Amino acid sequence: MMLSLNDLLTGFLDTLTGHLALAAYLLAVTDERAVWRRLKKLPPLLLSPLIAVLLSVGLYAVPELIMFQYYILSFIILMIVTFWVRWAWQFRFWQAFAATCMAAIFQVAESTLSRVLFWETLPNESSPLAAALAIYLSISIAVSLLLYRLRFGKWFRLLLDNTSEIRRIALLLFTLEAVMEVSFRLVYGIQTQFLAFFYLLIAVMVILMAMLVIYFAQRFDALRKIKAQQNIIARQRLYEQDLEMIRRETRAFRHDYKNLLAGLSQQAATGELEGLRHTLARLDAGFDLRLGNKIRASVQIGNLQIPEVRSLLLNKLTVMRKEGVECRLEVLYPVTAVDMDIWDFVRCLGILTDNAMEAASDTKQPWVEILMLAQDRRVFLRISNPYANLIEPGKMWNDGWSTKGAGRGMGLSGYQHILKNYPNASPCTSWENGVFVQELTVEDRR
Amino acid sequence: MIGIYLCDDEDVIRRQIQTALERKIFMENYDMEVVCAAAGAQELLDAVENGKQGVYFLDVELKDGEWDGFLLGRELRRQDPHGTLVYITGHEDLAWRTFQYHLEAFDYIVKEPEQIGPSVSRCLEEIHTRLIAERQSPTERFTLRTDEMTRHIPLRDILFFETASAPHHIFLHTPGSRMDFLGSLNELETRLGNQFIRTHRAYLVAADKIEAVDWKHNKLWAGGHECLLSRAGKAKLRKIMGEKP
C-alpha cells in the first residue's frame, strides 16, 4: 500500500482538527477563565499533528504493527498533549495527564458520533473534507461551551486539586479513555443497521463517564468538608486548653500575689521604700509575663468568629511559636463574615501567612504581624514581615517567583488566581524599609 | 494657630493631660491652644471646626453610646484628613498597629499616674516638630479613595497606573508597592493632567519616571517595571521629548 501526498495532507488536516477539538475540551474541563492566555500557548501544540503524520508514515513500514497502529499513535499523541498541558497550564504531570484523558474522552466520543453521522448522511464520502472538519470543530466548540455552562470543569478542577489521589484518578480516566478509543475503532466492524444503537451506546457511555467524574468530585468535596470540620474541632480544643491554662495560671498567680502582698505590708510597716518599689515592679512584671500576654492573645482570637479562619490562624500561631517567629495578632472588632467563599479566603490567608513566615525566618529577628479589621461592611487584612532577600518588582507577580529563587513561590500566583474570581477584593503589596506588607480588602457585595 | 482637642471620660486624667498640655504650650511658646477638653464624643465633635487642621488626644477605652476611641478617630479623620491623632490608653495592649494603619494615629500615651505629664509634653514636642517640618515642605498627595478607606500617596512616588486583570480594577505602582483599587484610567488621566502620559490603553505613566524607551519593541521602563507602548503613546511621548530637549 502506498501513501499519496494527498492522503498525507488529509491525514494532517484530520489530526489537526482533532487537536484543536481536544484543546477546546481541555479549556472546558479545566474550567479555564483566562482562555486567551492559554490559547497564546497553542502554536507548539500544532507540531503534534505533524509528528503524528510522520510517525504514521514510519509505522506503515512495519507491517506487523498495522493492527495496533491507531492505538500506538493515539497514545503518543496523548503523551505529547499531556506535556503540552503541563507546560501551558503549569500543572504537575499527573494533573496534566488526567485533564488530557478527560478531554480525550470527549473528543473521541465526538469523533465516533460524527463518523456515524457522516456515514449515515453521506454514504459515498464525497462531501468536501473542509466542510466536514468545520462542522466537526464547531460541534466541539458547542459541546465545550455546554460543559462550561454545566460547570463540569468546576467539579473536575476539584478532582485535579486532590493531590493525594490524582494518580489513581488519572489512571482511571486513562482506562476510560482507552475504552472510548476501542469503541471508536469498533465502528468499522458494525453493520449499518446496528449503527443507530451503537450511536446511542456511545452517547450513553460518555454521559455516564462525565457523571462518574462529577460523582467522584462531589464525594471528594464532602470528605474534604468533614476533614475540615474535624480540624476545626481539634483547634477549638486547643483554644479551650489555652483558656484552661489561663484559669490555672490565675489561681497560681493569686497564690503568689498573696505572698507578695504579705511581703509588701511587712516592708511598708518597716518603711523600706526601695524594697516596696521593687516588689511592686515584680508584681506588675509577673502579671504581664504570666497572664497578660496570654489574655491579650485570647481576646484577639476570640474576636475571630469565623471558625475556619480562627482554626487556620490558631494553627499558624502555634507553628510560629514553635519556629521562634514572634507573632502579633490584632483583631480589634469581631470578624463574623467575609464576602468570599470561606475556603477561598482561608486559602488566601494560608498563603499569605506561610509566605510571611518563610520570608521572616531568613531574618535575624523574625516577626510576623497580622491585623484584621471588620468595619462598615468590609474586612481588611494586613500581614507584614521583615525580609532579607532582594525583591524584583517587575517579576514578583509572575508564576513561580519567590525571594528564594524561581519555582518556589507558587503561592503568590495562586493567591492572585483565587482573587480573580472576586471583583470585591482588592489586594495591595508593598515592600519598604525591609518590611514586606500584603493587604487585602474584601468589600461586602450584598 | 493650631487647635488641640482632648476627649477622655475620666475627669482626673483629662484634667491632668490638659494641665500638662497648657504648661508645655506656655513654656515653649507654641502657636497652639487647647480648644476643647470634652468628656464625651459628641461634645468633642461639636467643638471641632470643619476644615481646620487640629491635634486630637483621644481615650481608646472611651464609652459614650455608640462611640469608642476607634470610631471617634475615624469620624475625626473624615472631617480633618491631615489632623494629628494621639491615643490615651489604660492598657499597653491596645491594638496599636490597627490604629496606626487605619487612622494614621501618631502616638499613644499610657495612663500611668506619674508618667502621664512628661509623656504628654514629650509627645506634643514631637507633634510640633513634625508640623513645622510639614509646613516647610508640603508634598502634593494623590488621594486614593475606595469608599471610606483613604490612602494618601505622595504624587512624586507614583511610577505608573496599570489596568488589572479584573474589570475596573487598577494597579498603582510606586517604588515600594503595588496597590489595587477600583477606578478608570481615563478618569485618572484627566484628573492628573500632563504629569502623566497615557502610553498605552492599559498604562498611565509618570512622565518623569520613565527610565528607558525601546521604540522598536514598543516598551518602556519605569522604576524597573516594564510598561507597554502603543502607536498613539509613541506619538505623545515623542512630542513631549521633543518639547524638552
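The values are calculated or read from the model by the stated rules, or taken from the named source; none is laboratory data. This structure is a prediction, so every number in the text was calculated from the model and none was measured. For neighbour counting, all protein chains shown are included, and Cβ atoms are generated from backbone atoms with ideal geometry for every residue, glycine included.
Among B:200, B:173, which is the only one that is more than 14 Å from chain A (Cβ to nearest Cβ) and at pLDDT 90 or above? Reasoning before the result, please.
Working: B:173 fails: more than 14 Å from chain A (Cβ to nearest Cβ).
The conditions single out B:200.
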Subject >> Residue tally, condition of a type in the set (D, E, K, R), at pLDDT 70 or above, surrounded by 12 or more Cβ atoms within 10 Å (Cβ to Cβ) and closer than 30 Å to residue A:315 by Cβ, over the range A:243-290 >> reply: 1
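Give the residue, chosen from B:110, B:55, that is surrounded by 20 or more Cβ atoms within 10 Å (Cβ to Cβ) and within 16 Å of residue B:8 (Cα to Cα).
Numbers: B:110 fails: surrounded by 20 or more Cβ atoms within 10 Å (Cβ to Cβ).
Being surrounded by 20 or more Cβ atoms within 10 Å (Cβ to Cβ) and within 16 Å of residue B:8 (Cα to Cα) holds for just one of B:110, B:55, which is B:55.
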Original post:
Quick one: which of A:173, A:195 is in contact (Cβ under 8 Å) with a residue 40 or more places away in the chain and over 27 Å from residue A:97 (Cα atoms)?
Top reply: A:195
Original post:
Within the range B:233-241, is even one residue in a strand (DSSP E or B) and assigned by TED's automatic domain parsing to the domain that holds residue B:164?
Top reply: no
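Residue-wise test of (1) closer than 23 Å to residue B:63 by Cβ; (2) touching a residue at least 60 places away in the same chain (Cβ under 8 Å); (3) assigned by TED's automatic domain parsing to the domain that holds residue B:131; (4) touching a strand residue (DSSP E or B) at 6+ places or on another chain (Cβ under 8 Å).
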residue	(1), (2), (3), (4)
B:8	yes, yes, yes, yes
B:12	yes, no, yes, no
B:16	yes, yes, yes, no
B:19	no, yes, yes, no
B:22	no, no, yes, yes
B:26	no, no, yes, no
B:38	yes, no, yes, yes
B:41	yes, no, yes, yes
**OP:** Could you list, in sequence order, all residues of the range B:16-37 that are acidic (Asp, Glu) and in a loop (DSSP other than H, G, I, E, B)?
**Re:** B:31
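Tell me, which strands (runs of 3 or more DSSP E) wholly within the range A:290-390 include 1 or more residues that are in contact with a Cys (Cβ under 6 Å, 6 or more places away or on another chain)? Reasoning before the result, please.
On the way: elements: A:326-331, A:367-375, A:378-386.
In the range A:290-390, the matching strands (runs of 3 or more DSSP E) lie at A:367-375.
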Original post:
What number of residues in the range A:410-446 are more than 16 Å from residue B:166 (Cβ to Cβ), aromatic (Phe, Trp, Tyr) and at the interface with chain B (Cβ under 9 Å from one of its Cβ atoms)?
Top reply: 1
**OP:** Within the range B:210-245, count every residue that is among the aliphatic types (A, V, I, L, M) and within 14 Å of another protein chain (Cβ to nearest Cβ).
**Re:** 4
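Being away from chain A (no Cβ under 13 Å) and either at pLDDT below 85 or within 22 Å of residue B:52 (Cα to Cα) (or both) narrows it down to one residue among B:132, B:109; which is it?
B:132 is the lone residue from the list that is away from chain A (no Cβ under 13 Å) and either at pLDDT below 85 or within 22 Å of residue B:52 (Cα to Cα) (or both).
To keep it simple, each residue is scored yes or no on (1) touching a helix residue (DSSP H, G or I) at 6+ places or on another chain (Cβ under 7 Å); (2) at pLDDT below 85; (3) of a type in the set (D, E, K, R); (4) within 28 Å of residue A:28 (Cβ to Cβ).
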residue	(1), (2), (3), (4)
A:45	yes, no, no, yes
A:48	yes, no, no, yes
A:53	yes, yes, no, yes
A:62	no, yes, no, no
A:66	no, yes, no, no
A:74	yes, no, no, yes
A:77	yes, no, no, yes
A:88	yes, no, no, yes
A:91	yes, no, no, yes
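What residue, of B:207, B:166, is surrounded by fewer than 21 Cβ atoms within 10 Å (Cβ to Cβ) and within 14 Å of chain A (Cβ to nearest Cβ)?
Details: B:207 fails: within 14 Å of chain A (Cβ to nearest Cβ).
After applying the criteria, what remains is B:166.
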**OP:** Determine whether residue B:91 is surrounded by 14 or more Cβ atoms within 10 Å (Cβ to Cβ) and either at pLDDT 85 or above or at negative phi (or both).
**Re:** no
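Can you say whether residue A:375 is surrounded by fewer than 20 Cβ atoms within 10 Å (Cβ to Cβ), away from chain B (no Cβ under 14 Å) and more than 13 Å from residue A:329 (Cβ to Cβ), as far as the supplied structure shows?
Working: surrounded by fewer than 20 Cβ atoms within 10 Å (Cβ to Cβ): yes; away from chain B (no Cβ under 14 Å): no; more than 13 Å from residue A:329 (Cβ to Cβ): yes.
In short, no.
Have a look at A:228, A:196, A:222, A:210 and point out the one that is of a type in the set (Gly, Ala, Ser) and closer than 15 Å to residue A:106 by Cα. Please lay out each step first, then the result.
Numbers: A:228 fails: closer than 15 Å to residue A:106 by Cα; A:196 fails: closer than 15 Å to residue A:106 by Cα; A:222 fails: closer than 15 Å to residue A:106 by Cα.
Being of a type in the set (Gly, Ala, Ser) and closer than 15 Å to residue A:106 by Cα holds for just one of A:228, A:196, A:222, A:210, which is A:210.
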